[in-house]
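The values are calculated or read from the model by the stated rules, or taken from the named source; none is laboratory data. The structure presented is a predicted model; accordingly, all values stated were derived computationally and were not measured. Glycine also receives a Cβ, built like all others from the backbone with ideal geometry; neighbour counts cover every protein chain displayed. Note: areas computed on protein heavy atoms with side chains; ligands, DNA, RNA excluded. Shrake-Rupley method; radii C 1.70, N 1.55, O 1.52, S 1.80 Å.
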Amino acid sequence: MKRGLYFRLAATGMSKNKKFYFPYIFTCFCMVMMYYIIQFLRISDDFRTMRGGESMHVIAVFSWILLYYTNSFLIRRRQKEFGLYHILGMGKRELVKILIWENLMTAVISIAGGLLGGILFSKLAELAAVRIVGNHLGYKMTIEPKAIYYTVSLFLAIFA
């Protein structure tokens, strides 16, 4: 087969089904962003002494369940397209290759975009949380490498 065929089929399938893929990618993006912000607040020096850091696993499980459900909904909506591929001579291996490419593209877009959004909104979340608690905080923008590592590793595991 021609080189890059599965990638092009995956990209075409995603673009033709953008009314289904946009909400899924947006959900993934928001989950990555939310998880990064919460990890950032948990690791932050100003919030290290506060309670609630031990509840991170709940958000991770919630992310996994939500993304799994939305992905299964997306796959069910595309059964006719997969049936057409099967009629055209593609077997299960070829369909799996297409789905792997779609999953990789979705993972890269949502993790990169979610981290960027999380980094941009993390200081705003930190300032809002400090305001609620009543402490004072400087306006220094920081990026937590540990939070990035935890977020990327969790969502790579979810997408795998």
Query raised in the report: For the subset of region 80-99 comprising residues that are open to solvent by less than 90 Å² (accessible area, probe 1.4 Å) and of a type in the set (A, V, I, L, M), which member is nearest to E144 (Cα to Cα)?
Result: L99
Report summary line: Filtering region 1-16 down to residues that are modelled with pLDDT under 85 and open to solvent by less than 40 Å² (accessible area, probe 1.4 Å) yields G4
Query raised in the report: Does region 70-81 contain any residue that is among the small types (G, A, S) and at pLDDT 85 or above?
Result: no
Query raised in the report: Just wondering, is there one or more residues in region 114-124 that are open to solvent by 80 Å² or more (accessible area, probe 1.4 Å) and at pLDDT below 85?
Result: yes
Query raised in the report: Mind checking whether some residue in region 39-53 is modelled with pLDDT of 85 or more, open to solvent by 40 Å² or more (accessible area, probe 1.4 Å) and hydrophobic (A, V, I, L, M, F, W, C)?
Result: no
Report task. Select from region 57-72 the residues that are without any contact (Cβ under 8 Å) to a residue 60 or more places away in the chain and surrounded by 13 or more Cβ atoms within 10 Å (Cβ to Cβ) and list them in ascending order. Result -> I59, F62, L66, T70, N71
Requested in this report: Among the residues of region 90-102, write down those that are under 16 Å from A160 (Cα atoms), of a type outside the set (D, E) and out of contact with any Phe, Trp or Tyr (no Cβ under 6 Å at 6 or more places or on another chain).
Outcome: V96, L99, I100
